[in-house]
Amino acid sequence: MDLVTFGEAMVRLTPPGFQRLEQAHSLDVHVGGSELNVAVLAARLGVASRWVSRLPDNALGRMIGARAREQGVDAQVEWTADARAGLYFVELDAGSRARNVLYDRAASAISKVTPGSIDWASVFAGTRWYHVSGITPALSEGAAQVTAESLALAKRAGLTVSYDLNYRSKLWSATQACAAQEPLLEHVDVLITTAEDARVVFGLGAESHDTLQKRFDLSAVVITLGEGPHAAIALADGKMHSAPRYDVQVVDRIGAGDAFSGGLIVSRLENRAWDDAVRFAAATAALKHGIPGDFCLVTRDQVDQYVRDATMRVSR
């Protein structure tokens with residue numbers, strides 16, 4: 001495998017037609033989870049990708065595993081009979097933002113993962129890149145310990161390690177997130193975050209990229225931006241790199257950040273320069289906005305075409 005990711009995937013249930021849950025008589029069903037979303041996009045773009053997780057051996061768990069394999073991901077799953085699949089419910093507004101997210105993931109299978117239960121040496125054999133996000137250590141003390149274990153072993157094995165801060169206030173507080181993740185970042189090469197998450201978790205302002213890089217001795221800091229002419233900036237190789245903001249048709253914003261991470265990782269695995277990598281990542285994120293569900297179901301040709309047409313698509 002070129003890429004390994006580790007994290008939870010859940011069943012997502014969304015009322016159709018921008019309804020609220022209390023109105024709904026049916027629900028659209030999707031599968032998604034930050035690290036699986038990254039692996040799916042990478043696999044679709046030609047990168048051999050493995051997703052490591054823990055799932056219940058029941059119909060919902062098997063559905064999650066099947067959806068991963070359908071997209072070409074090597075799903076390395078520990079199956080268990082004593083836990084459940086996580087669920088989450090999403091109400092979308094007319095701008096296709098997540099108006100409300102309701103989690104039902106307590107005691108999910110991956111929250112019961114324990115240190116030493118995953119053979120990371122085998123998982124990482126022949127691998128070049130490892131990716132995880134801040135959602136995983138937020139799930140339980142065991143998940144946090146296994147995340148730390150995996151990051152240390154990935155670094156020791158010589159992999160490039162990326163980490164998406166991915167702060168979720170419904171899972172833990174900013175104080176908890178900061179205390180738990182500061183030690184994890186010692187093993188990270190590439191930190192991906194939104195400007196807002198960096199502010200909330202680490203108390204850093206708009207110029208946080210330079211501070212983050214020095215504070216955690218990172219090779220690169222990549223920050224996606226909520227507004228302005230740039231979709232993202234990256235501080236790497238002593239230089240600042242940026243990507244334009246694209247006009248997009250918004251159908252479903254969920255998973256766009258994961259599409260950005262996936263596009264960035266694929267580009268860097270292909271030895272693209274940082275300027276190209278950030279532009280490619282911004283294009284994959286833009287395309288995800290037009291796709292229902294969590295997965296960024298695009299092809300390489302579609303992304304390349306979008307990047308080539310950037311001068312026609314930049315927001316003005």
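The values are calculated or read from the model by the stated rules, or taken from the named source; none is laboratory data. This is a predicted model, so every value here is computed, not measured. All Cβ positions, even for glycine, are placed from backbone atoms using ideal geometry, and neighbour counts span all protein chains on display. To get the accessible areas, we keep the full protein, side chains included, count just its heavy atoms, and leave off ligands, DNA and RNA. Shrake-Rupley method; radii C 1.70, N 1.55, O 1.52, S 1.80 Å.
Numerical summary
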quantity	calculated
Leading residue at positive end of dipole, the chain (Cβ point charges), from G158, V113, H209	H209
Those aspartates and glutamates that a straight Cα-Cα span of less than 14 Å connects to K214, excepting residues fewer than 8 apart in one chain	E182, E186, D189, D237
Accessible surface of the chain, 1.4 Å probe, proportion on carbon and sulfur as whole %	49
The chain: translational diffusion in µm²/s, Stokes-Einstein, Kirkwood Rh over Cα pairs, 25 °C, 0.890 mPa s	126
Dipole in debye (nearest 20) - the stretch 49-146, about Cα centre, beta carbon charges: Lys, Arg +1; Asp, Glu -1	180
Percent of C-alpha pairs per 5 Å bin, the stretch 43-179, short to long	2, 9, 16, 20, 22, 18, 10, 3, 1, 0
Charge tally in the Cβ shell below 9 Å around E186, where Lys, Arg are +1 and Asp, Glu are -1, E186 excluded	-1
DSSP bridge pairs, the chain: antiparallel proportion in percent, nearest 5	45
Heavy-atom accessible area order for M1, M240, M63, M10, largest first, 1.4 Å probe	M240, M1, M63, M10
Rounded accessible area of K170 (nearest 10 Å², 1.4 Å probe)	120
Selected from S49, L60, H25, residue furthest toward positive end of dipole (the stretch 1-86; charges at beta carbon)	H25
Helix-only [θ]222 nm of the chain, DSSP H runs n ≥ 4, -39500 (n - 2.57) each, per residue, nearest 500	-11000 deg cm²/dmol
Stretch in the chain that is longest and holds no GluC sites (Glu not before Pro) that DSSP places in a loop and that have at most 11 other beta carbons within 10 Å	1-206
Accessible solvent surface per residue of the stretch 32-82, calculated while the other protein chains remain in place, 1.4 angstrom probe, Å²	36
Nitroxide proxy distance, nm - points 7 Å out along Cα→Cβ at L171 and V29	2.4
Cβ charges +1 (Lys, Arg) and -1 (Asp, Glu), total dipole of the chain, debye	280
